[in-house]
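Worksheet: the structure to be examined is printed underneath.
Computed from the coordinates by the stated procedures, all read-outs in this text should not be read as laboratory data. None of the values given here were measured: they were computed from a predicted structure. Here the Cβ positions follow ideal geometry from the backbone for every residue, glycine too, while neighbour counts run over all protein chains shown.
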Amino acid sequence: MNLPPNHGHLLSALRNRTFARAPLNMNISTSRSQTATAADPTLSVVIPMFNEEGALPDLFKRLGEVMEKIGESYEIICVNDGSTDETARMLTEAHDRDSRIKVLNFSRNFGKEIALTAGLDATSGAAVIPIDADLQDPPELIAAFLEKWREGYDVVYGVRRSRDTDTVLKRWSAEKFYKFINMLSGVSIPANTGDFRLMDRRVVGAVVRLREHNRFMKGLFAWVGFRHAEVFYDRPERIAGKTKFNYWRLWNFALDGITGFSTVPLRIAGYIGMLTAIGAIFYGIFLTLRTLIYGIDVPGYASLMVAVLLIGGLQLIVLGVIGEYLGRLYEESRKRPLYIVESSLGLTQDK
């Protein structure tokens, strides 16, 4: 296999070595407990979960069938993000059937971005694949990811051909968001991509060293760089349950992305203040000249209130922008851990 010249012999040896494989003669959802013979698996699949009891049977069935066909050693890291349904119990049962399914149970709900981070922290595979539990990320695409990875790409991400499963408002807002953040940020974040991708071990090592609390994982994945490739796919509907991201959470998610990767809003706030001040100066000069030429003139109440409200509103907007950044600085200054693991299954230590 010919790899790009910028990849060394060590990487080539890693990707073309022969991995010891665990027995793959049974489906994940029905197999008995078994342990992979390889010290480190080829693939680590990371699945953040919050109240996904309806999706788990189909998820493990389809994922197991895909991994059997691929034929490499693997582990599945399931991060239970404080679920309040039967997700925790079903994950325990899945681990009892197959020890390659490993579980992290959070002490409470910390959010998907943090759950994904915890899963990456716990992985040991040569390549890592984050995937959603609702099967909108088709596991069958993993084989295509793996093929691109063996060609020498460090990151292989899935790109949606269309967003027909989303509402019109969500499609429009997503399009504008990616255009806006790529215009403001120095990091190019691919549009129509989620967390579903394959990352080489060295990419994961770079990502897990980034420990900020307000995490926008798509931005962090893009920020670390490395050589990447795209695989296009059609995203299906959820197999069960409903999305946990309402419009308010999406709005806050967008704010995390913008403030985490650009200081341009602060500059814009400064420009607004500067333009308002310049406008006020020129208007003051105009009033002075008019008074000197035409005498004293009593301005109308309506125009005075409009000016006061306009300037007051602009001040509040600027203070709000500054407050967003100050709030994030405050979050980082407290140095709290990103997450707390209540219990784990199949993992040697809690992180």
query = Label Tyr330 and Glu342 with points 7 Å out from Cα along Cα→Cβ: what is the distance between them in nm?
reply = 2.9 nm
query = Given 5 Å bins starting at zero, what is the percent of C-alpha pairs of segment 62-114 in each, up to the one with the largest pair distance?
reply = 4, 18, 25, 21, 17, 11, 4, 0
Mean Cα-pair separation over length for segment 69-116, i.e. relative contact order, pairs under 8 Å, 6 or more apart, % = 49 percent
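Pairs to check: Lys176/Lys218; Lys61/Lys102; Lys69/Lys148; Lys102/Lys148; Lys179/Lys218. Give those whose C-alpha atoms are more than 21 Å from each other in this structure.
Numbers: Lys176/Lys218 16 Å; Lys61/Lys102 16 Å; Lys69/Lys148 17 Å; Lys102/Lys148 26 Å; Lys179/Lys218 14 Å.
Exceeds cut-off: Lys102/Lys148.
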